[in-house]
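Asker: Handing you this structure, nothing more for now.
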Amino acid sequence: MMMELHVISRKTGQLMRAFALGDAAEVLIGRDENCDIRLDSPTVSREHCVIESIDGVLHLRDLESTAGTIHGGQPIGEVRLQNGLEVQIGPAILRFVED
């Protein structure tokens, strides 16, 4: 089972990009050029959050970002990825979809 990350514009609701998460040990998300997934916005921290595999289970962990990683209206520290999960980072919604 593959998990895909859909980056969606909060303003328009349109899909901007899709990424297959595959077997990467970790995927760094932020506005820094070195990030695996780059969101160029002042409301996104340089290294905002990371997707990591813990014992074969994918988790999203906030990296003490300034604006936070929001799920259900609340800032979160870490969340286990599952189909349909949506978190908000700056101008984007990250939606996780099982392929």
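Asker: Of all residues being part of a loop (DSSP other than H, G, I, E, B) and open to solvent by less than 80 Å² (accessible area, probe 1.4 Å) in the range 3-32, which is modelled with the lowest pLDDT? Just the residue, please.
Answerer: The qualifying residue modelled with the lowest pLDDT is 24.
Asker: I've got another one for you. What residue, among those in the range 53-99 that are of a type in the set (Asp, Glu), in contact with a strand residue (DSSP E or B) (Cβ under 8 Å, 6 or more places away or on another chain) and modelled with pLDDT of 95 or more, is nearest to residue 32 (Cα to Cα)?
Answerer: 62
Asker: Tell me whether the range 33-45 contains one or more residues that are under 24 Å from residue 2 (Cα atoms), hydrophobic (A, V, I, L, M, F, W, C), out of contact with any strand residue (DSSP E or B) (no Cβ under 6 Å at 6 or more places or on another chain) and open to solvent by less than 30 Å² (accessible area, probe 1.4 Å).
Answerer: No - not one qualifying residue is present in the range 33-45.
Asker: For the range 60-86, how many residues are open to solvent by less than 30 Å² (accessible area, probe 1.4 Å), out of contact with any Gly (no Cβ under 9 Å at 6 or more places or on another chain) and either of a type outside the set (A, V, I, L, M) or part of a strand (DSSP E or B) (or both)?
Answerer: Number satisfying all stated conditions: 3.
Asker: Which residues, taken from the range 87-99, are open to solvent by 30 Å² or more (accessible area, probe 1.4 Å) and in a loop (DSSP other than H, G, I, E, B)?
Answerer: If the condition is that a residue be open to solvent by 30 Å² or more (accessible area, probe 1.4 Å) and in a loop (DSSP other than H, G, I, E, B), then 91, 99 are the ones that fit.
Asker: Within the range 47-59, work out how many residues are outside any loop (DSSP other than H, G, I, E, B), touching an Asp or Glu at 6+ places or on another chain (Cβ under 8 Å) and open to solvent by 50 Å² or more (accessible area, probe 1.4 Å).
Answerer: 1
Asker: So which residues in the range 72-99 are over 11 Å from the mean Cα position of the chain (by Cα) and within 18 Å of residue 10 (Cβ to Cβ), if there are any at all?
Answerer: Correct list: 72, 73, 74, 75, 76, 84, 91, 97.
The values are calculated or read from the model by the stated rules, or taken from the named source; none is laboratory data. It should be emphasised that the depicted structure is a prediction, and the values quoted were computed from it without experimental measurement. Counting neighbours? That spans all protein chains shown, and the Cβs are built from the backbone with ideal geometry, glycine included. Side chains included, ligands, DNA and RNA excluded: accessible areas come from the protein's heavy atoms. Shrake-Rupley method; radii C 1.70, N 1.55, O 1.52, S 1.80 Å.
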